[in-house]
Amino acid sequence: MTVYFHEGDLPDGLDLGPEVAIDSETMGLRFRRDPLCVVQLSAGDGNAHVVRLNRPAYDCPNLKRLLTDPKVLKIFHFGRFDIGMFELHLGVETRPVYCTKIASKLARTYTDRHGLKDVAKELAGVDMSKAQQSSDWGAAELSQAQMDYAASDVLYLHAIMNRLNEMLVREGRMELARACFDFLPVRSRLDLAGWDEIDIFAHA
């Protein structure tokens with residue numbers, strides 16, 4: 001594995017292929033309180049690209065172009081949060097998308113454990129460390145441990161997606177999953193508009 005570090009934006013001309021795994025690191029889990037700090041990406045080739053964003057300008061045209069490219073599928077785990085952060089801070093709607101957490105909930109109905117660590121262990125045979133999850137992602141310099149952690153969150157998403165797709169097809173839920181993925185950017189926009197704790201589809 002090689003982790004490529006980029007300051008501010010992806011380099012010009014970088015081609016990560018038609019399916020890109022993406023995750024982000026922030027200062028916390030509240031949209032308007034906690035800034036977006038780091039975005040990590042992988043082409044599924046065993047390598048990762050870690051971008052430390054230049055806050056608060058967020059001048060990253062190459063990253064924004066990738067997020068909005070209709071020919072590139074963006075693979076997330078719990079994409080609802082990342083997509084919302086990208087819209088809030090980068091001003092772009094991320095499409096098309098795939099969320100392994102949604103796919104897991106639709107396919108792996110025999111368990112209630114859908115966190116990335118659990119899904120990766122079962123479907124990719126990888127025991128991931130979460131030791132750096134709560135570290136200071138706004139620091140002036142990222143440690144090697146932070147970059148390795150950021151990379152691990154995207155390195156296995158392609159393999160996990162492929163396994164989940166097999167399960168979704170087997171269980172006849174692939175079409176339903178695709179409809180959920182299509183709606184996900186709208187769900188993120190609802191979060192930003194104040195409906196993050198409210199299920200508008202609920203009866204009450």
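Net charge of the neighbourhood of M27, taken over other residues with C-beta under 11 Å away and scored Lys/Arg +1, Asp/Glu -1, is 0. Exposed loop positions in the chain were taken to be GluC sites (Glu not before Pro) whose DSSP state is not H, G, I, E or B and which have at most 10 other beta-carbon atoms within 10 angstrom. Between these positions, the longest stretch is 1-140. Temperature 25 °C, viscosity 0.890 mPa s: under these conditions the Stokes-Einstein estimate for the range 49-137, based on its Kirkwood radius over C-alpha pairs, is 164 µm² per second.
The charge dipole of the chain, taken about its Cα centre with unit charges on the Cβ atoms of Lys, Arg (+1), Asp and Glu (-1) only, comes to about 500 debye. Contact order, relative form, for the chain: 24 percent (alpha carbon pairs under 8 Å, 6 or more residues apart, mean separation divided by residue count).
Candidates L176, P96, T68 compared by Cα position along the dipole of the chain: farthest toward the positive end lies L176, with charges placed on Cβ.
The residues of the range 28-124 have, on average, 43 Å² of accessible surface per residue, using a 1.4 Å probe with all protein chains present. Taking trypsin sites (Lys or Arg not before Pro) across the range 103-204, the ones in a DSSP loop with at most 15 further Cβ atoms lying within 10 angstrom of their Cβ are R113, K130.
Measure out, as a whole number of angstrom, how far apart the alpha-carbon centroids of the range 146-204 and the range 16-77 sit. Taking the Cα centre of each part, the range 146-204 and the range 16-77 sit 16 Å apart. Seen through its C-alpha gyration tensor, with square-root eigenvalues sorted a ≥ b ≥ c, the range 153-204 comes out oblate because a/c lies at 1.5 or above while a/b is not bigger than b/c. Compactness of the range 68-204 is given as radius of gyration and Dmax, 15.9, 48 Å, from Cα positions. Cross-link partners for K105 among the lysines, with Cα-Cα distance under 27 Å and sequence neighbours closer than 8 places in the same chain left out: K71, K74, K117, K121, K130.
Within 10 Å, at most 10 other Cβ atoms, and a DSSP state outside H, G, I, E, B define an exposed site. Report the longest part of the chain free of exposed chymotrypsin sites (Phe, Trp or Tyr not before Pro). Within the chain, the longest run free of exposed chymotrypsin sites (Phe, Trp or Tyr not before Pro) spans 1-109.
Note on the chain: GNM, Cα springs under 10 Å; of Q133, Q40, Q146, the largest mean-square fluctuation is that of Q133.
Taking the accessible area of the range 1-158, probe 1.4 Å, and keeping the other protein chains in place, the carbon and sulfur fraction comes to 49%.
The values are calculated or read from the model by the stated rules, or taken from the named source; none is laboratory data. Note that the structure is a prediction, hence the values are computed from the model and not measured. Counting neighbours? That spans all protein chains shown, and the Cβs are built from the backbone with ideal geometry, glycine included. Heavy atoms of the whole protein, side chains included, go into the accessibility calculation; ligands, DNA and RNA do not. Shrake-Rupley method; radii C 1.70, N 1.55, O 1.52, S 1.80 Å.
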